[in-house]
Amino acid sequence: MFLDYHMNYLTHTSVRNIGICRLLEYCSILLMLSIVGCTPSYQGIEAKFKQIERLASVLTPIAEDDIANPSLMATSNGLLFVANLHTDRIFSVFDIQTGHKLSEFGTTGRGPEELLSVSTLSVNQNRLFVFDAMTHKFATITSSGHWNDPIHMTYNIINVNLGEGSKTRPFRLYALSDSLYVGTGVGYDNSQFHLYNHTGNFLHSFEPYSLEKPKQKHGAAELALAYQGSMAVNPNSSRYVWASLNGVMLKFFGKDDNGDIVKKNEYIYEYPQYRHVRRGGGESAALLPSARIGFIFAQSSDKHFYLLYKGVRIDSENIRRYFISNTILVYSQDGTPVRKFVLDRDISMFAVSEDDSLLIGYTSDEETGAPQFIAYDISPYRIN
């Protein structure tokens with residue numbers, strides 16, 4: 001039961017695109033509709049940032065008609081890669097400077113080179129890394145050119161093993177090398193992260209969940225749902241961050257001299273607030289009135305992690321506003337707070353260039369609701 005896919009859709013979609021049926025579906029799974037009340041933005045984590053910059057956006061030249069139904073995005077070498085929902089072509093590639101759409105590729109389905117969903121998306125030079133949580137495929141898509149000729153794109157597909165003896169069911173999966181992949185999802189030994197090899201076979205789990213009540217019994221699916229969040233891996237796959245959606249928690253990881261994954265830093269400001277429920281013979285987690293929406297989206301440059309942060313408690317009156325924000329917190333890759341960006345527009349997701357010079361946000365026109373990609377020049381704030 002991959003409920004994270006539905007969370008993924010809501011978290012990474014603009015106000016214009018969050019449909020009522022999806023909102024109701026989300027409510028039926030995770031949210032107690034009797035919740036009322038709302039508190040101002042949480043200041044605990046934001047107080048760690050002494051440098052605050054307010055940024056003004058400019059509209060990118062990407063035409064409205066070329067924007068389909070974005071669910072995830074990434075950027076590399078002046079190109080913007082977008083994964084789309086419910087379209088004939090899953091991926092679009094744009095030249096950021098000109099706005100020209102270079103290519104569209106990827107078909108929906110269960111065939112060898114087809115996908116049903118895009119749960120994770122990252123790019124490194126000429127390779128696009130994609131995980132489909134519905135078919136359990138991890139695809140590495142390689143272009144021999146400048147991403148402008150789909151004919152020369154090749155697919156390497158790994159099917160994650162969910163057969164007899166499998167100890168995990170991944171929601172998200174990221175490449176740490178050509179032969180090692182890290183993911184989050186249901187782990188039957190109650191560990192938060194899981195490693196897979198180049199054939200998609202499970203290797204081992206690590207990092208126990210950080211629990212507010214460790215002696216209390218917790219189900220595997222319950223923990224996986226309650227501790228959903230965003231992840232980002234840096235371009236050379238040496239560091240990654242996990243940031244909670246429910247609650248305010250951060251975990252930073254890297255590799256030691258032997259290539260083993262080690263935790264570099266951790267922040268726990270608020271634990272996820274939820275209660276265990278059983279639905280249709282399975283486990284779920286319902287948010288409590290005390291729950292706080294933490295991090296909506298995460299990205300990485302060569303040197304920093306960027307986290308789209310909300311920081312408010314929930315209510316049932318306007319759910320869709322919890323998946324947009326104008327606050328981005330920037331950390332070094334060892335987890336040190338660096339800078340807080342306050343944007344002039346709310347965005348639902350974003351991409352950041354490898355050299356920390358450009359940030360592209362996805363939003364909606366404030367008057368018409370039309371989809372837009374907006375750009376922020378962050379080059380003056382780079383730290384060498």
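Assorted remarks:
- Pair-distance distribution of the stretch 203-340: all C-alpha pairs, bin width 5 Å, starting at 0; shares per bin in whole percent are 2, 10, 18, 21, 19, 15, 10, 5, 1, 0, 0.
- Sorted from greatest to least, the principal axis extents spanned by the alpha carbons of the stretch 287-384 come out as 44, 34, 15 Å.
- Stretch gain in nm, segment residue 142-residue 263, where the contour uses 0.36 nm per residue and the Cα spacing is subtracted: 40.5 nm
- Given charges at beta-carbon only (K, R positive; D, E negative), |dipole| of the stretch 52-194 in Debye: 380
- Listing 290, 119 from fewest to most neighbouring C-beta atoms within 10 Å gives 290, 119.
- Estimated FRET transfer efficiency when R0 is 30 angstrom, pair residue 204-residue 47 (beta carbons, to 0.05): 0.20
- GluC sites (Glu not before Pro) lying in DSSP loop within the stretch 161-252, provided at most 16 other Cβ fall within 10 Å: 164, 212
- Look at 153, 349 and count the other Cβ atoms within 10 Å of each Cβ; fewest to most, that gives 153, 349.
- Spatially proximal lysines relative to residue 167 (Cα-Cα < 28 Å; intrachain offsets below 8 disregarded): 137, 213, 215, 217, 251, 255, 263, 264
- Per the Debye calculation on the stretch 218-270 with a single equal scatterer at every Cα and no solvent contribution, log₁₀ I(q)/I(0) for q = 0.19, 0.24 Å⁻¹ amounts to -0.72, -0.95.
- In Hz, Karplus ³J(HN,Hα) per residue of the stretch 203-217 (6.51, -1.76, 1.60; θ = phi - 60°; x = Gly, Pro): 9, 6, 9, 7, 6, x, 4, 7, 9, 6, 10, x, 7, 6, 6
- Amide N of the stretch 136-150 lying under 11 Å from the label point, which is placed 7 angstrom from the Cα of residue 159 along Cα→Cβ: 136-137
- Ordering 136, 146 from the fewest to the most neighbouring beta carbons within 10 Å gives 146, 136.
- Sparse-neighbour loop sites [trypsin sites (Lys or Arg not before Pro); the stretch 65-152; at most 15 other C-beta within 10 Å; DSSP]: 89, 110
- Residues whose amide H comes within less than 5 Å of that of residue 171, counting only those at least five positions distant or on another chain, are 184, 185, 186 (H built at 1.01 Å from N in the peptide plane).
Read-outs throughout are calculated quantities, based only on the coordinates presented, and are distinct from any laboratory measurement. These numbers come from a predicted model, not from an experiment. Every residue, glycine among them, receives a Cβ derived from its backbone with ideal geometry; neighbour counts consider all protein chains shown.
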